1. Find the residue count for segment 104-143, including only residues that are β-branched (Val, Ile, Thr) and more than 8 Å from the ligand (Cβ to nearest atom).
2. Among (1) surrounded by 14 or more Cβ atoms within 10 Å (Cβ to Cβ); (2) within 11 Å of the ligand (Cβ to nearest atom); (3) farther than 17 Å from PRO153 by Cα, which single condition is CYS101 missing?
3. Are any residues in segment 154-212 hydroxyl-bearing (Ser, Thr, Tyr) and over 18 Å from the mean Cα position of the chain (by Cα), and if so, which ones?
4. For segment 181-208, what are the residues that are polar (S, T, N, Q) and assigned to a loop (DSSP other than H, G, I, E, B)?
5. Can ARG140 be described as out of contact with any Asp or Glu (no Cβ under 9 Å at 6 or more places or on another chain), of a type outside the set (S, T, N, Q), without any contact (Cβ under 8 Å) to a residue 24 or more places away in the chain and surrounded by 12 or more Cβ atoms within 10 Å (Cβ to Cβ)?
6. Identify all residues within segment 152-172 that are within 10 Å of the ligand (Cβ to nearest atom) and over 20 Å from VAL122 (Cβ atoms); write none if there are none.
7. State the number of residues belonging to segment 190-207 that are surrounded by 14 or more Cβ atoms within 10 Å (Cβ to Cβ) and not β-branched (Val, Ile, Thr).
8. Filter segment 104-127 for residues that are outside any loop (DSSP other than H, G, I, E, B) and touching a residue at least 12 places away in the same chain (Cβ under 8 Å); which is surrounded by the most Cβ atoms within 10 Å (Cβ to Cβ)?
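Computed from the coordinates by the stated procedures, all read-outs in this text should not be read as laboratory data. If you're wondering where the values come from, they're calculated on a predicted model, not measured in any experiment. No Cβ is skipped: glycine too gets one built from the backbone with ideal geometry, and neighbour counts run over all protein chains shown.
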Amino acid sequence: MGSSIRGVLESMLRLQGPIHNLHVRIITWLIEDHKGHKICSRPPLTSEGKILDLQLVRIRRLKLHHLTFGLLAATQLSHAGDKVSYSRQILPILSDKCFYCHGPDKNHRKEDLRLDIREEAVKAGAWDPKSPAKSEALIRIFSKDSDEIMPPPDSHRELTETQKNLIREWINQGAEYEKHWAFVTPPQQVPVPATKDRSWAVNPIDSFILARLEKENLTPSKPAPSERWLRRTTFTLTGLPPSQPEIDAFLADKSPAAREAVVDRLLASPRFGEHMATSWLDLARYADSFGYQADIQTDAWPYRGLGDQVA
Ligand code: HEC
């Protein structure tokens with residue numbers, strides 16, 4: 001996969017219109033793969049080797065920079081029949097609405113019920129994978145009785161109907177927990193999905209994108225004009241716009257490998273490393289300030305200065 005990074009990037013970025021989260025995740029993953037940088041420690045696939053169930057339609061409205069290094073947009077929607085994901089769909093709900101009283105913190109724990117450990121939750125009858133309808137938690141969350149309903153009304157942690165239904169579906173599917181993704185070995189091989197349109201995909205990654213677009217009844221956008229492609233590629237890899245000489249040189253280069261050459265040039269540029277590093281600093285919550293009045297002298301100006309030079 002690493003050797004084809006240029007081709008992949010090239011075809012990702014040739015699309016006109018907004019770039020999808022999926023593209024971005026794949027790009028980030030590939031860059032990591034190729035360069036050995038830990039930008040995003042997970043490939044865009046689930047442990048079952050399924051491409052992540054991204055809500056493309058919703059996600060495409062979000063801005064690119066929200067997505068590039070963002071965690072997975074946890075979606076609370078699920079297609080009927082799809083497997084509900086504990087990590088992405090259920091855990092965020094339980095963590096937000098239940099763990100305060102039924103989680104790891106024993107000082108807050110009510111009824112000695114822990115929902116963060118499957119064995120305990122099953123033993124207590126909260127989830128009953130054998131007879132899902134008898135699950136005490138389900139009875140509680142769907143209850144109309146204010147003395148019985150979970151979460152208790154005065155906790156102001158009310159569940160939406162979608163969340164309730166999702167929990168029910170997950171229990172029906174066996175109430176399985178998953179290990180945190182950081183501890184799951186990524187699959188070595190993932191079968192390339194078949195697509196109705198057989199002419200669009202230029203490389204196997206395209207087929208994943210197209211398969212999902214087809215599932216959503218979306219058609220791929222048209223290829224972007226050269227200048228836009230250059231701008232997009234340069235921003236993606238360096239966070240900067242292309243310079244005028246770079247634009248001129250690219251528009252003048254009529255060779256079939258012109259785009260590959262651009263990606264090579266950008267990947268080799270120190271600006272690429274800086275761009276990756278700034279994102280890491282953000283992820284590590286780097287700040288040159290304590291955030292309070294006590295800030296006096298700080299040493300972050302070289303990092304800031306980089307931004308100023310750019311502007
Ligand atoms: C603010 C605290 C609080 C939150 C949040 C909360 N619970 Fe409870 N839960 C309690 C208390 C207190 C009890 C015991 C009183 C009762 O049975 O109504 C209880 C009891 C239960 C029981 C019955 C336990 C038993 O052994 O009988 C289940 C099941 C349950 N909760 C599930 C949930 C689920 C699922 C959520 C999240 C959707 C949740 N709870 C959120 C406080 C909470």
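1. 2
2. CYS101 satisfies all of (1) surrounded by 14 or more Cβ atoms within 10 Å (Cβ to Cβ); (2) within 11 Å of the ligand (Cβ to nearest atom); (3) farther than 17 Å from PRO153 by Cα except (3).
3. Taking segment 154-212 first, the residues hydroxyl-bearing (Ser, Thr, Tyr) are 155, 160, 162, 177, 185, 195, 199, 207.
Across segment 154-212, the qualifying residues are SER155, THR160, THR162, TYR177, THR195, SER199, SER207.
4. Taking segment 181-208 first, the residues polar (S, T, N, Q) are 185, 188-189, 195, 199, 203, 207.
Those that are polar (S, T, N, Q) and assigned to a loop (DSSP other than H, G, I, E, B): THR185, GLN188, GLN189, THR195, SER199, ASN203.
5. Against the criterion (out of contact with any Asp or Glu (no Cβ under 9 Å at 6 or more places or on another chain), of a type outside the set (S, T, N, Q), without any contact (Cβ under 8 Å) to a residue 24 or more places away in the chain and surrounded by 12 or more Cβ atoms within 10 Å (Cβ to Cβ)), ARG140 does not qualify.
6. Across segment 152-172, the qualifying residues are PRO152, PRO153, ASP154, SER155, HIS156, ARG157, GLU158, LEU159, GLN163.
7. Of the residues in that region, 7 qualify.
8. ALA121
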